[in-house]
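Single-structure report; data block below.
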């Protein structure tokens, strides 16, 4: 921490001595250093996440899902009808 404070102090001293027309160039350089230091975020890939969990054994998954949705919809509508009567 002390070393970084000394370094910042020295940088500030040196910056005060830099001609004004060079300050933008120095700022651009500092921003370049900051950007190159930051790591890109880790990209998580979900490809194959369900592999090996048994879904491969289902022959027609889409039609099974449609059938389950129909049954669930019918069941909910029946409950709503009974509740309202």
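The values are calculated or read from the model by the stated rules, or taken from the named source; none is laboratory data. Here the structure is a predicted model, which means the values were calculated and not measured. Here Cβ is always computed from backbone atoms with ideal geometry, including for glycine, and neighbour counts include all displayed protein chains.
For the reader, a short list of remarks on this structure follows.
- Being assigned to a helix (DSSP H, G or I) and either modelled with pLDDT of 90 or more or surrounded by 10 or more Cβ atoms within 10 Å (Cβ to Cβ) (or both) holds for only one residue in 75, 36, and it is 75.
- Under the condition of being modelled with pLDDT of 85 or more and over 34 Å from the mean Cα position of the chain (by Cα), the residues counted in segment 1-33 number 16.
- Tabulated pairs, segment 61-72, first on the phi > 0 side of the Ramachandran plot and surrounded by 11 or more Cβ atoms within 10 Å (Cβ to Cβ), second in a helix (DSSP H, G or I) and modelled with pLDDT of 90 or more, C-beta under 7 angstrom, 6+ apart or interchain: none
- Residue count, segment 1-33 (criterion: surrounded by 10 or more Cβ atoms within 10 Å (Cβ to Cβ) and not in a helix (DSSP H, G or I)): 1
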